[in-house]
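Here, each number is a calculation from the coordinates, and none is a lab measurement. Given the structure is predicted, the values throughout are model-derived calculations rather than measurements. Every residue, glycine among them, receives a Cβ derived from its backbone with ideal geometry; neighbour counts consider all protein chains shown.
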Amino acid sequence: MLPSRTSLWKTVLRARLSGWCYSFLDFHTRMTMRLDLNYGRDGYPLELPDDWDVTVIRKPGMPLEADPAGAVRKALAEPVGAGALAQEARGLKSACILICDITRPVPNGLFLPEIVRQLLDAGMKPDGITVLVATGLHRPNEGAELEELVGDPWVLKTVRVVNHFARDDAAHVDLGRTPRGTPVKLDRRFVEADLKIATGLVEPHFMAGYSGGRKVIAPGVAHRDTITTFHSARFMSHPRADNCILEGNPLHEEQLEIVRMLGPVLAVNTVIDEHRRLSFVNYGEILGSHLQAVEFTRRYVRVPIGRRFHTVVTSAAGYPLDTTYYQTVKGMVGPVDILEPGGNLVIVSECSEGLGSDEYADAQRRLIALGAEGFFADISRKQFADIDEWQTQMQLKPMKAGTVHLYAGGLAATDRALTGVNRIDSVEETLRHCIERSGDNALAVIPEGPYVVPYYQPA
């Protein structure tokens with residue numbers, strides 16, 4: 001039988017007291033083990049042989065808010081670098097609240113009702129309040145999906161809930177250019193609102209360092225010209241454009257510049273644990289409150305590992321992130337630092353909606369036709385990225401590090417051919433072959449996928 005939760009926590013405590021850096025990750029067993037990888041809505045049950053040396057990499061146990069609704073109210077009353085929400089809203093006629101699209105498991109139903117109620121109590125009319133889905137260049141969220149995203153029927157009935165459309169020229173305001181030359185065009189409904197509030201989830205992001213805050217604005221409600229500029233190869237190829245890095249990250253710095261050009265913005269930042277329970281929430285001025293949330297998140301999501309592995313198995317985080325292959329790339333990039341050069345990376349992702357956009361499919365076709373080096377040379381010559389080709393560029397990182405094996409039950413045969421990686425029908429059989437070929441029975445398992453960022457730190 002597996003160790004109890006109590007015994008595991010005792011191990012963690014001993015590790016911390018003795019100065020170990022591992023915090024809930026070194027889980028070695030010689031017994032038959034079953035693990036659930038995040039996959040779709042139901043998970044993927046993984047059975048591992050009893051003679052493998054298995055290291056399960058998870059975030060250390062995160063504190064939980066015993067009263068999530070109370071924590072939200074407290075955050076709105078005790079802001080970071082701003083006035084309480086009720087104070088900020090007093091005397092204003094309009095507000096625009098940004099929420100992330102369906103690809104992020106943000107607990108909108110927890111905080112949106114309270115935000116809307118406080119705006120109404122401050123004297124704002126329902127028709128003056130807009131909830132804007134920050135889709136970036138993703139597809140809109142409508143119908144039952146929008147109901148799931150908002151998470152509260154009262155909000156849907158009370159205020160206007162709409163999607164951002166990055167390709168609609170007339171729906172944006174041109175604010176000029178950043179010092180780096182990025183055109184800054186943002187959704188008119190957000191720019192012209194008296195009160196601007198961005199909400200989101202703060203988690204690792206493989207380009208911008210961390211999600212949330214300024215990222216909900218750009219690319220969230222930015223025009224395609226803005227997005228394709230700072231998602232071009234000259235930004236994306238920078239070594240600091242990576243998971244859990246803000247300082248010196250050109251994407252992050254460009255997002256900060258865009259926020260400064262926009263003017264005062266408030267933010268509600270949330271952090272959830274691996275079971276998607278609320279661990280942290282704050283509110284305040286967007287830059288300061290986001291940095292506070294980042295500092296909290298950083299303590300849990302960055303996990304030091306004392307060795308590299310010839311074989312790693314991970315996930316694309318399950319629903320809603322793993323609905324497309326486009327989003328799956330995030331899970332591929334996360335473990336690269338702990339993969340032995342030339343090793344095998346196995347990833348599970350349901351891909352229930354297929355590959356992604358038509359533009360992304362075109363980028364994948366170019367990758368296959370040109371090869372990795374040819375594709376990179378092609379995009380490096382352009383000042384502006386083609387839509388969604390940046391995800392193909394990010395796929396080059398794990399492809400360069402080793403061999404990527406994909407289990408994706410939702411992908412049609414035509415889409416599978418465009419992934420550019422090795423498609424597999426059995427995770428267990430693939431892992432067995434990888435272990436046998438490497439001659440090393442050590443396996444790293446990352447059930448939560450890109451929400452955990454392991455990095456190599458020699459003992």
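Of the beta bridges DSSP finds with both residues in segment 68-299, what % are antiparallel, to the nearest 5?
If we restrict to bridges inside segment 68-299, about 40 percent are antiparallel.
Write down the percent of antiparallel bridges among all DSSP beta bridges whose residues are both part of the chain, to the nearest 5.
Antiparallel: roughly 30 percent of the beta bridges in the chain.
Given an 8 Å cut-off on Cα distances and at least 6 residues of separation, report the relative contact order of segment 68-299 as a percent.
Reported relative contact order: 22 percent.
Give me the orientation-averaged projected area of the Cα convex hull of segment 219-333, in nm², one decimal.
Mean projected area of the Cα convex hull: 9.2 nm².
Loop-only chymotrypsin sites (Phe, Trp or Tyr not before Pro) in segment 174-247, please: DSSP not H, G, I, E or B, and at most 13 other Cβ atoms within 10 Å.
none
Which value in nm describes the separation of the simple spin-label points at ASP36 and PHE165, placed 7 Å from the Cα toward the beta carbon?
It is 4.0 nm.
Counting Lys and Arg as +1 and Asp and Glu as -1, what is the net charge of the other residues whose Cβ lies under 11 Å from the Cβ of ASP225?
+2
Please report the net charge: other residues with Cβ closer than 15 Å to the Cβ of GLU142, K and R +1, D and E -1.
-3
Calculate for the chain the 222 nm mean residue ellipticity that helices alone would give, adding -39,500 (n - 2.57) per DSSP H run of length 4 or more and normalising by residue count, nearest 500 deg cm²/dmol.
Helices in the chain give a 222 nm mean residue ellipticity of -10500 deg cm²/dmol.
What whole number of Å gives the distance from the Cα centroid of segment 46-108 to the Cα centroid of segment 426-459?
What the calculation gives is 29 Å, centre to centre.
With an 8 Å cut-off on Cα pairs and a minimum separation of 6 or more residues, tell me the relative contact order of the chain in percent.
It rounds to 19 percent for the chain.
How big is the chain in terms of Cα radius of gyration and Dmax, in angstroms?
Gyration radius and largest Cα-Cα distance of the chain: 22.0, 69 Å.
So how many Å³ per residue does the convex hull of the Cα atoms of segment 68-299 work out to?
Measuring per residue, one finds 114 Å³ for the Cα hull of segment 68-299.
Plugging the Kirkwood radius over Cα pairs into Stokes-Einstein for segment 250-396, at a temperature of 37 °C and a viscosity of 0.692 mPa s, what D comes out in µm²/s?
Estimated via Stokes-Einstein, D reaches 181 µm²/s.
Going by alpha carbons, how many degrees (0 to 90, nearest 10) lie between the helix axis of 250-262 and the longest principal axis of the chain?
10 degrees
Convex hull over the alpha-carbon atoms of segment 189-235: what's its volume per residue in Å³?
Per residue, the Cα convex hull of segment 189-235 comes to 72 Å³.
Give the distance, in whole Å, between the Cα centre of segment 331-398 and the Cα centre of segment 252-266.
Result: 28 Å between the Cα centres.
Can you give the Kirkwood hydrodynamic radius of segment 321-459 from its Cα pairs, in Å with one decimal?
Taking every pair of different Cα atoms in segment 321-459, averaging 1/r and inverting gives 15.6 Å.
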